[in-house]
Each structure stands twice: as C-alpha cells, then as structure tokens.
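> Supplied in structure tokens, the structure appears directly below.
Quick note: the coordinates plus some simple rules give every number you see, no bench work behind them. What you are looking at is a predicted structure, and each value in this text was computed from that prediction instead of being measured. Glycine also receives a Cβ, built like all others from the backbone with ideal geometry; neighbour counts cover every protein chain displayed.
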Amino acid sequence: MRQQTPAGLPDEPGRQAGQHEHGLSRVPLGAVVAVGIACVQLLFVFSLGYPPLHAAPHEVPVGIAGPAPAVAQVQGQLAGQSHAYDLHRYADQAAARAGIENRQVYGAIVVTPSGPRLLVASAASPVIAGVLRAQAARLGGGRPVPVTDVVPAAPADPNGTGSLTTLLPLVLISLALGIAVALVERRRILRLGWVALAAAIAGLGVAWIAHAMGTFGGSYWDIAAVLGLLVFGIGATSAGLTQIAAVGRGLAALLALLMLNIGIPGAGALVPVPLLAQPWRAIGPYLPPGAAVNAMRGVGFFHGAATGAPLLLLATWAAAGLVLVTLPTTGRAARARL
C-alpha cells in the first residue's frame, strides 16, 4: 500500500526541488558578477597573448621587380613557403615603390645585376618590415642586402606601438560610454547627442595627444575624424543595444566581448593582420578597431591611400548605432518620448 503524505506537506521530491531552488536563490549576486568579470579578464588576457605567440605570414602582399629570369628564380624560392606571400609583379623599382606608397604591398624585392634590393614601409608595419628584411637576407645568400624604407614609421614610435596605446582606451571607454548613456538618459535624441559630444571631445583630444607624442603624422583633423567615428560607432551601437531591455543588454555584453577579444587583438595594432592567426585575421579587419587602425595609418603616413574601405566600415558602424538608438524601446524606457 502506498504511504500517504500528510495533508499540507509536500512530498519528498517536492521538498528536494524547493530546497534546490532556494539554494540557487541564495547565491550572492556579487559572487556571480565577480566570477563573470574574472572569466572575461582571463579571456581578454588570452586573446591579447595568443596572436603574438602564433604570428606567421599568411598571403602577405609583396612586390617583386626585375629581369624575368631572376624574378622567376626568386619566385621559386618564395613559393616554397606555403601561402606566406602574395606576390605582385612590377615593371621596375619605381613601379614597386609606387605600389608601396599606394598601400598595394607592404614591401618589394627588386632584383638587380648586383643582387636583390629591398624596399619596405615600416609605417605600414614594422613587424612585416622585419620579416621582409630576414627574407631578403636569405635571398642574398649571406651578402648584405640594401634596404630602403620608403615610408618610415614615426621617429618617436619606430615600433608602431602608438596604435595600440591609442586604440585600447578608446575602445574600452566607448563601450562604457554607450552603456552609461543608455542607462542615465531616457530621451533617445539626447542619447545620440551625448554620444556624439563624447566622440567629438575624444577624437579632438586624443588626436592632439597622438600628434604631441609623435605617434602619428598626417593631418590632425583627419586623425581626429577617424577617432571620432570610432568612438561614435562603438558608443552608439552599445547604447542602442543596451536600451532594448534584457535581450539588448545581453547583445551589448556580447558586443563588448567581441570588441575586447577579437576587435582589439585583431586590429593590426600589435600584430599586423597578415600575420594573425584565426579567427582574428578573418574577423578583426571588419570591426571598428581594425578599421580605425587601417584608416589612421593611411591618413597619417600614406596621404590617404587605401582609406576608402575602412572609413566606409566605420561609417557603417556609426549608422548602425544611430539606427539602434532610434528604435522603439521596451519596458519603462518605452514611455520616454523624444
């Protein structure tokens, strides 16, 4: 005979389920936040550390010029390095130099009767310039290879670290900017206004600091515009997602993880894009940090060459943020009107 449970008392499975739910509800919220942030920190450290340790050439655009037989011999030597270089043939040294200045290639090997000569652009990437120097030394068979730096890096920043030191704080603060504005300002038009104000101040101020420290050349206003677009695009997108109730805030958190763990390491500021491992090489150039680094190098050192695509990408992110902020919100925020 089945034993009856006294009236008014839950049966044993019910009591166990209730105790389990009660135990979960007693987990301190602070502990959940602390563990979550610690995990994000660990992931960020890994994402910054892994790409430099596994950097290797992947289809690096390199020019080559000289007599056909000599060029064919050099091409044969480089072809042995599977997919390391994407070779572009030029008629002569002048054409190869123009290809570097137009940002078609990172450098060029010019074969002459006296041996190979190397053209590099350390402003495009000091790391790739070093890789090409080592490659040219092997081609020279032990003889010194003359090297010409067609577009040198800034004298105050020969290693190109200024891109990372400029980029990292802007990305972090722009993410926080969007979240903060969405939480404290209920009117959508003012959310856009405050984000735009912060972007203008950051763009003008950081461009001045970069020029004062000598990390970037070129037009001050061009650099300021690129940085302002970066801040507005990330800030407006973050604000727009944050205002869309719980789902949007979850997406805003994913946006932050994407920018921290793919956007910053994959921007090409620390490791150039052609040397990055996956997934940073595939995704990084299409996020705002990568587009900003690309555009800043173009306007800062190459007179605006090859900046159309990254500027369009930054403008697209800014437009997406603008659309998200103007979308109708849910919950209490929906009662706020323009």
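> Kindly identify the stretch 60-149 as rounded, prolate or oblate by the Cα gyration tensor criterion: order the square roots of the eigenvalues as a ≥ b ≥ c, call it rounded if a/c is under 1.5, otherwise compare a/b with b/c, prolate if a/b is larger, else oblate.
Working: a/c = 1.26, a/b = 1.17, b/c = 1.07.
The shape class here is rounded.
> Which of these, THR161, THR307, THR215, has the largest mean-square fluctuation under a Gaussian network model of the chain (Cα springs below 10 Å)?
Evaluated over the chain, the most mobile residue of the options is THR161.
> Hey, another quick one. How high is the relative contact order of the chain, given as a whole-number percent (alpha carbon pairs under 8 Å, six or more residues apart)? Show your work: numbers first, answer last.
Values: 547 pairs, mean separation 58.8, N = 338.
Across the chain, relative contact order equals 17 percent.
> Would you mind ranking ILE244, ILE100 by Cβ crowding within 10 Å, fewest neighbours first? Walk me through the intermediate numbers first.
Numbers: ILE244 20, ILE100 27.
If I rank by nearby Cβ atoms, fewest first, I get ILE244, ILE100.
> Still on this structure: Of the residues GLY36, GLY203, GLY228, which exhibits the maximal mean-square fluctuation in a Gaussian network model of the chain defined by a 10 Å Cα contact cut-off?
Between GLY36, GLY203, GLY228, it is GLY36 that shows the largest mean-square fluctuation.
> Rounded to two decimals, what ratio of Rg to Rh does the stretch 162-335 give with C-alpha atoms and a Kirkwood Rh? Please report the intermediate quantities before stating the final value.
Details: Rg = 15.8 Å, Rh = 16.0 Å.
Checking Rg against Rh, the ratio lands at 0.99.
> When the helices in the chain are scored as -39500 (n - 2.57) per DSSP H run of 4 or longer and the sum is shared across all residues, what 222 nm value do you end up with, to the nearest 500 deg cm²/dmol? Intermediate values should be presented prior to the final figure.
Working: 12 runs with 197 residues, N = 338.
It comes out at -19500 deg cm²/dmol, rounded to the nearest 500.
> With labels modelled as points extended 7 Å from the Cα through the Cβ direction, what inter-label distance (nm, one decimal) is found for ALA137 paired with LEU172?
Here the modelled spin labels are 3.6 nm apart.
> If you don't mind, there's one more thing I want to ask. If I fit a long axis through the Cα atoms of helix 29-53 and take the longest principal axis of the Cα atoms of the chain, what angle between them do I get, 0 to 90°, rounded to 10?
10 degrees
> In addition: Helix 188-213 sits at what angle to the longest principal axis of the chain, using alpha carbons and giving 0 to 90 degrees rounded to 10?
40 degrees
> Compute for the chain: radius of gyration divided by Kirkwood radius, i.e. Rg/Rh, restricted to C-alpha atoms, rounded to two decimals.
Working: Rg = 26.5 Å, Rh = 22.8 Å.
Using Cα coordinates only, the ratio equals 1.16.
> Any idea what the alpha-carbon Rg over 2.2 N^0.38 Å comes to for the stretch 245-303? Present the calculation step by step, with values, prior to reporting the outcome.
Details: Rg = 13.2 Å, N = 59, 2.2 N^0.38 = 10.4 Å.
Dividing the Cα radius of gyration by 2.2 N^0.38 Å gives 1.28.
> Mind checking the stretch 125-191 for trypsin sites (Lys or Arg not before Pro) that DSSP puts in a loop (not H, G, I, E or B) and that have at most 13 other Cβ atoms within 10 Å? Walk me through the intermediate numbers first.
Numbers: sites: ARG133, ARG138, ARG186, ARG187, ARG188, ARG191; in loops: ARG186, ARG187.
When the trypsin sites (Lys or Arg not before Pro) of the stretch 125-191 are filtered for loop state and at most 13 Cβ neighbours within 10 Å, ARG187 remain.
> Give the Cα extents of the stretch 172-237 along the principal axes, in whole Å, largest first.
So the three principal-axis extents are 40, 19, 15 Å.
> Over the stretch 60-149, what is the percentage of antiparallel beta bridges among all DSSP beta bridges, to the nearest 5? All intermediate terms of the calculation are to be shown ahead of the outcome.
Details: 6 of 19 bridges.
Antiparallel bridges: around 30 percent, rounded to the nearest 5.
> Right, another one. For a quick check: with amide H placed at 1.01 Å from N, whose amide H comes under 5 Å from TYR85's, ignoring anything fewer than 5 positions away on the same chain?
Under 5 Å from the amide H of TYR85 lie the amide H atoms of GLU59, VAL60, each far enough along the sequence or on another chain.
> Quick one: helix 162-184 against the long Cα principal axis of the chain, what's the angle to the nearest 10°, folded into 0 to 90?
So the inclination is approximately 20 degrees.
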